[in-house]
Amino acid sequence: MSKFMSILEKMRVVEKVNGESPEFEELTQNRALDEIMQKEVSETNQETNFKSFRKPDRSENRAMQDKQIYEKNKSINEIYASYDLDSSNINTVFMLGNFINALPENLPYVVKRSSVASIINASDANLNALLNDGEKRLKVLEQFSNDYTAAVNNIIAKNREEIKKLKNMIEYYEAEINIKETMLEEQTNIIKYENQKIKSIINFFNKDE
């Protein structure tokens, strides 16, 4: 028991008192023990309440992420970056575009095409690889456009559904307000009539002859 009291004294639960009776010491120990138990129960309840919070669903997190992604439009470079595509003009389909634009506009198509092919060969570039890069970018843009359109339309549909619910709520509460206003008016008239009736009776006897 003395060890228990020493622990409680170190925890400042009880203060050491010299010369107290054994009964008083036992009563003090019991009170201190009750306080410790109550504290542990309280901490356990707090921990249980904390754990009882529902863990966010991954699908909900995904929906929030999608909403954040499409809060604003993306630039072409951002779209390419999201698909790990380079936006550089080197070794991409855009390099072909630069070569085409560098030629005089009045050149015949056949001359332009052969000239660009010659430039590509001279630069040790692969024409098919550059064209494939362009095809890949077209597919990426189409995929992003489809995903973007579906996601944004989904958000629009959900918002419209929420607006519909809110309108129904507004109509409900407006009707409820009208009902309560009518009730209030009727109850006021009932009380007013009763009030006048009672005053009339009282005034009858208070009236001077």
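Residue count for the range 95-125, restricted to those that are surrounded by 13 or more Cβ atoms within 10 Å (Cβ to Cβ) and outside any helix (DSSP H, G or I): 2.
The set of residues from the range 64-94 being at pLDDT below 90, polar (S, T, N, Q) and either touching a Ser or Thr at 6+ places or on another chain (Cβ under 8 Å) or assigned to a loop (DSSP other than H, G, I, E, B) (or both) comprises 87, 88, 89, 91.
For the range 70-90: of the residues being within 25 Å of the chain's Cα centre (by Cα) and closer than 14 Å to residue 140 by Cα, which is surrounded by the fewest Cβ atoms within 10 Å (Cβ to Cβ)? Checking each candidate, the answer is 75. For the range 158-177, the criterion of being at pLDDT 95 or above, exposed (fewer than 12 other Cβ atoms within 10 Å of the Cβ) and among the hydroxyl-bearing types (Ser, Thr, Tyr) is met by at least one residue.
Every condition in (1) of a type in the set (A, V, I, L, M); (2) touching a Leu at 6+ places or on another chain (Cβ under 9 Å); (3) within 30 Å of residue 81 (Cβ to Cβ); (4) at pLDDT below 90 holds for residue 131 except the one numbered (4).
Is it the case that some residue within the range 147-161 is over 30 Å from residue 80 (Cβ atoms) and part of a helix (DSSP H, G or I)? First the steps, then the outcome.
Of all residues in the range 147-161, those over 30 Å from residue 80 (Cβ atoms) come to 160-161.
After this cut, where a residue has to be part of a helix (DSSP H, G or I) as well, the list is 160-161.
Scanning the range 147-161 turns up at least one residue that is over 30 Å from residue 80 (Cβ atoms) and part of a helix (DSSP H, G or I).
Just one residue in the set 143, 196 is closer than 30 Å to residue 92 by Cα and either loosely packed, with under 10 Cβ neighbours inside 10 Å or more than 24 Å from the chain's Cα centre (by Cα) (or both); that residue is 143.
The values are calculated or read from the model by the stated rules, or taken from the named source; none is laboratory data. What you see is a predicted model, and the numbers here were worked out from it, not measured in a lab. As a convention, Cβ positions derive from the backbone with ideal geometry for all residues, glycine included, and neighbour counts pool all protein chains shown.
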